[in-house]
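The values are calculated or read from the model by the stated rules, or taken from the named source; none is laboratory data. Remember, predicted model here, so these are calculated numbers, not experimental data. Here the Cβ is made from the backbone with ideal geometry for all residues, glycine too, and neighbour counts use every protein chain on show.
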C-alpha cells in the first residue's frame, strides 16, 4: 500500500514539474513594448490579428503555444498582440494612429502602416531596436515554419548578410 501511495505521489510531482515548465508568450500592448524597448532595446515581434480570424487562432494554438517558440520569443523580442480592428488611438513616432471605419468593419492605421498597406491576417511584423520595420510576413505559420524565421531575425543573421535560403538550408530545429 505504501509503495502505491509513493508511486502516486511521484507521478503527481512529475506531472506538476512538467506542467510548471510550460512557456507562454508574455504578450504586451504596442505601447508597453515600445516603452520597454526604449529602456532596454530589443526587437519587436508584432502579431497582427483580428477576433474573427480563424487562421490567427490556429497560429496561436499551433505556433505561439509551442514551448520552444514561446521561450525564444520571450528572450529575444518584446512580443505584441495587435488587434487590427482595435478602436483605441496609438501615439507613436510623433503620429497618432486611429481606427478607420471601412464597410462593415474597419482597420487601425497602425496595422496598415506596419503591413505596408497589405493587410492580411495573421501577419507577423518584425521591428528592430530603432523601431524600423525589418519585415512583415503575412499568413499562417506553424511552429516549424516560424522557428527559423524568429531565429534568423532574432540572432541578427539578416544583418550579417546571411542569405535566407542558405540559413534555412542549414537550420537545425529545436522542436
Members of segment 29-63 that are within 19 Å of residue 137 (Cβ to Cβ) and out of contact with any strand residue (DSSP E or B) (no Cβ under 7 Å at 6 or more places or on another chain): 53, 54, 55, 57, 58, 59, 60, 61, 62, 63
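Being surrounded by fewer than 16 Cβ atoms within 10 Å (Cβ to Cβ) and either under 14 Å from the mean Cα position of the chain (by Cα) or in contact (Cβ under 8 Å) with a residue 12 or more places away in the chain (or both) narrows it down to one residue among 94, 106; which is it?
106
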Criterion (within 14 Å of the chain's Cα centre (by Cα) and in a strand (DSSP E or B)) met by exactly one of 151, 124: 124
Boolean, residue 117 is part of a strand (DSSP E or B), without any contact (Cβ under 8 Å) to a residue 12 or more places away in the chain, out of contact with any strand residue (DSSP E or B) (no Cβ under 6 Å at 6 or more places or on another chain) and over 14 Å from residue 34 (Cβ atoms): no
Any hit, segment 28-37, residues being at pLDDT 95 or above and not in a helix (DSSP H, G or I): yes
Enumeration of residues in segment 157-167 that are surrounded by 12 or more Cβ atoms within 10 Å (Cβ to Cβ) and either modelled with pLDDT of 95 or more or touching a strand residue (DSSP E or B) at 6+ places or on another chain (Cβ under 9 Å) (or both): 157, 158, 164, 167
Given (1) surrounded by 17 or more Cβ atoms within 10 Å (Cβ to Cβ); (2) in contact (Cβ under 8 Å) with a residue 24 or more places away in the chain, index of the condition residue 137 fails: (2)
Residue match in segment 46-57 (condition: outside any strand (DSSP E or B), without any contact (Cβ under 8 Å) to a residue 40 or more places away in the chain and within 24 Å of residue 156 (Cβ to Cβ)): no
